[in-house]
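Accompanying notes for the structure given below.
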Amino acid sequence: MKVEQISVFLENKAGRLAEVAKILGENGINIRALSLADTTDFGILRLIVDDRAKAKEVLKQAGFTVGITEVIAVEVDDQPGGLAKVLTTLADNGLNVEYMYAFVEKSRDKAVLIFKFENLDKAIDVLTKAGITILPGEKVYNL
Amino acid sequence: MIFEPEWECMPRDELKALQFFRLKKQIRRVYENVEPYRKKMDEAGIKPEDIKSLEDVRHLPFTTKDDFRENYPYGLFAVPMEKIVRIHSSSGTTGKPTVVGYTKRDLDTWSSLTARVLAAGGVKAKDVVQIAFGYGLFTGGFGLHYGVEKIGASVIPVSSGQTKRQLMIMKDYGTTAIVCTPSYALHIAEVMEETGISPDELSLRVGLFGAEPWTESMRQEIEKRLGIDATDNYGLSEVMGPGVSGECIEAKSGLHVFEDHFLVEVINPETGEVLPEGEWGELVITTLTKEGLPLIRYRTRDITKLYYEECPCGRTFIKMTKPSGRTDDMIIVRGVNIFPSQVEEALLEIEGVAPHFQIVIDRKGYLDELEVWVEASEKLFFDSMRKQKELLDRITEHLSQALGVKVAVKLVEPKTLERTTGKAKRVIDKRDLPKYVPSKYLEEK
Ligand SMILES: [Zn+2]
């Protein structure tokens with residue numbers, strides 16, 4: 001039920017994000033979702049792509065520092081209240097979100113939320129019991 | 001004013017005779033009391049009685065910072081610990097500092113020598129001297145402090161930092177002489193301009209600057225902006241601290257070396273060969289009177305030139321020019337000595353990895369800023385922003401502690417750091433400091 005996410009260390013310099021996108025594009029890798037956390041000095045770029053192994057390899061070759069992190073993907077209806085239900089469930093069970101980001105599945109009127117927890121297994125357990133849909137990795141990579 | 005004219009104005013031939021007498025005594029003492037010296041001399045096949053003239057000093061083996069490291073902490077001391085009354089230290093090339101010890105008589109000599117420096121720089125008994133050098137293990141603060149007292153002037157031991165407070169004290173207490181690094185003097189001038197204090201509101205007359213390299217143009221700027229006479233002084237803690245040489249206010253053209261206590265040579269740093277007067281090379285110092293930690297032919301790694309000229313001040317001592325570079329990779333930031341190897345070692349202690357790094361020094365306004373750029377390798381990279389920031393804070397804290405100066409750490413992408421033939425360029429110094437003045441053979445390099 002876990003999804004592998006690519007993380008890239010970026011200096012806060014113009015053009016670095018574009019550089020990552022260009023390298024992935026040239027290698028035929030599709031970006032499913034992306035989020036950038038940044039400070040004044042540096043940023044952490046998080047990506048869900050279709051081919052993680054290749055993405056990691058080509059980015060490393062280009063000199064980037066790359067990590068792979070496990071996250072989970074939750075699917076909710078793309079309508080008011082969808083996110084609130086998930087967050088309430090997490091809060092009620094004392095689960096702290098390290099970070100999250102979201103994207104919309106155009107074809108199916110669904111939104112996908114990417115979550116990072118300290119304890120992923122507990123989160124999966126809690127969410128499943130609450131009847132919330134967790135997407136398996138293979139599905140997310142190929143959305 | 002000359003603090004000890006009977007020594008400082010000795011006829012040269014009498015001085016040479018005195019140096020030879022003291023040298024012989026010193027060599028005999030270290031041979032008998034300091035095992036590492038005895039071993040080195042035995043290995044070189046030289047006995048104390050082989051020193052038959054002052055020039056014979058060149059047959060003795062050199063002493064370097066490595067000898068301090070190998071004999072850490074007290075192995076080079078020539079007296080039992082009960083005779084040592086003060087310990088100071090300075091940074092070593094790696095984690096272990098260089099430890100120096102003084103006997104009661106050493107402290108008495110030291111204060112006389114810094115009194116000479118102060119007197120040469122224009123300080124008199126009626127002066128109020130503010131010392132803005134750090135106190136503590138660094139020799140700058142305490143060294144000059146006791147010299148001021150010996151002259152009979154008033155000393156204000158403010159220590160370094162807190163510029164506005166320094167200025168308040170200067171104004172209210174009627175400071176007439178300031179002791180600090182030259183870059184800090186310019187920083188003070190800058191803060192004065194910002195806060196609208198004109199030199200006329202102060203009573204400053206003279207400034208004695210040392211602990212870092214500076215230029216003639218910096219002298220002119222300091223003199224103009226603070227309305228004072230500025231002189232240079234030199235010393236290093238291994239040898240004693242400040243008080244090895246000092247400029248006279250009359251000539252301001254080179255630092256008189258206190259030759260009755262120090263025998264100086266300039267050598268070719270590549271070959272070790274002694275160079276004639278007037279040639280640039282590495283300064284080598286033999287202490288002639290030190291009891292606690294005598295040094296024989298200590299390689300200072302400072303590049304300078306020795307020359308004799310008749311001086312309007314009346315001193316007969318030889319002069320050295322302002323040190324104009326180093327033969328090693330030591331850098332001086334805010335008066336603190338730093339070796340790139342210390343940064344490497346400190347980084348290694350953090351995560352068990354020695355990441356690629358670069359030291360970037362710049363002078364913002366008049367204060368040196370030290371940045372260490374560290375490559376965010378996979379071991380130093382976290383997907384979590386909180387963990388990433390924690391790591392950055394930890395590196396910053398650890399480096400600042402290890403180097404004894406505030407460091408700003410910047411994480412950079414792997415390829416950003418300049419490399420020449422695969423080897424990282426460790427130091428980028430953007431300051432306008434005296435440029436290395438090469439002698440013939442150094443040019444060939
Ligand atoms: Zn003079």
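Counting only DSSP beta bridges with both residues in chain B, tell me the antiparallel percent, nearest 5. Don't skip to the end; give the middle numbers.
Working: 43 of 67 bridges.
Antiparallel: roughly 65 percent of the beta bridges in chain B.
Just the number, please: percent antiparallel of the DSSP beta bridges in the protein assembly as shown, rounded to the nearest 5.
75 percent
For the protein assembly as shown, the alpha carbon positions stretch 101, 62, 48 Å along the principal axes, listed from largest to smallest.
Relative contact order of region B:324-432: what whole-number percent is it, with Cα pairs under 8 angstrom and at least 6 residues apart? Display every interim value, and only then the final one.
Values: 155 pairs, mean separation 34.0, N = 109.
Value for region B:324-432: 31 percent.
When each of the peptides B:193-202, B:214-223 is scored by the mean number of other C-beta atoms lying within 10 Å of its residues, the order from highest to lowest reads B:214-223, B:193-202.
Which of the pairs B:LYS83/B:LYS104; A:LYS2/A:LYS60; B:LYS379/B:LYS410 have their Cα atoms more than 18 Å apart in this structure? Beyond 18 Å: A:LYS2/A:LYS60.
Annotation: for a label point projected 7 angstrom from Cα along Cα→Cβ of B:SER203, residues of region B:94-129 with backbone N closer than 19 Å are B:119, B:122-129.
The phi torsions of region B:400-411, fed into the Karplus equation with coefficients 6.51, -1.76 and 1.60 and a -60° offset, translate into couplings of 4, 4, 5, 9, x, 8, 5, 10, 9, 9, 10, 8 Hz, rounded to whole numbers, with Gly and Pro shown as x.
Quick one: Kirkwood hydrodynamic radius for region A:2-68, alpha-carbon pairs, angstrom, one decimal? The partial results should precede the final answer.
Details: mean 1/r = 0.0845 Å⁻¹.
In region A:2-68 this quantity evaluates to 11.8 Å.
Per-residue Cβ neighbour counts within 10 Å put A:SER107, B:SER237, B:SER245, B:SER159 in the sequence A:SER107, B:SER159, B:SER237, B:SER245, beginning with the fewest. Close amide H partners of B:ALA153, meaning residues 5 or more places away or on another chain with modelled amide H under 5 Å apart, do not exist here.
For B:LYS387, a cut-off of 17 angstrom between C-alpha atoms picks up these aspartates and glutamates, skipping any fewer than 8 places away in its own chain: A:GLU11, A:ASP38, A:ASP41, A:GLU70, A:GLU98, A:GLU118, B:GLU351, B:GLU375, B:GLU378, B:GLU397.
As a test, work out the antiparallel percent of DSSP beta bridges whose residues both lie in region B:336-425, rounded to the nearest 5. Taking every DSSP beta bridge with both residues in region B:336-425, the antiparallel ones total about 60 percent. Based on C-alpha pairs under 8 angstrom that are at least 6 apart in sequence, chain B has a relative contact order of 14 percent.
Taking a ≥ b ≥ c as the square roots of the Cα gyration tensor eigenvalues, with a/c under 1.5 meaning rounded and otherwise prolate when a/b beats b/c, else oblate, which class fits chain B? Walk me through the numbers on the way to the answer.
Numbers: a/c = 1.72, a/b = 1.16, b/c = 1.48.
Taking the square roots of the gyration eigenvalues as a ≥ b ≥ c, chain B is oblate.
Computed on region A:2-68, with alpha-carbon pairs under 8 angstrom and 6+ residues apart, the relative contact order is 45 percent. For the residues of A:37-46, the average number of beta carbons from a partner chain within 10 Å of their own beta carbon is 4.
Computed packing ranks the peptides B:46-56, B:302-312 as B:302-312, B:46-56, most packed first, by mean other Cβ atoms within 10 Å.
Every number in this text was worked out from the coordinates using simple rules, so none of it is lab data. Predicted model, so just to flag it, every value in this text is computed and none were measured. Note that each Cβ is placed from the backbone with ideal geometry, even for glycine, and that neighbours are counted across all protein chains shown.
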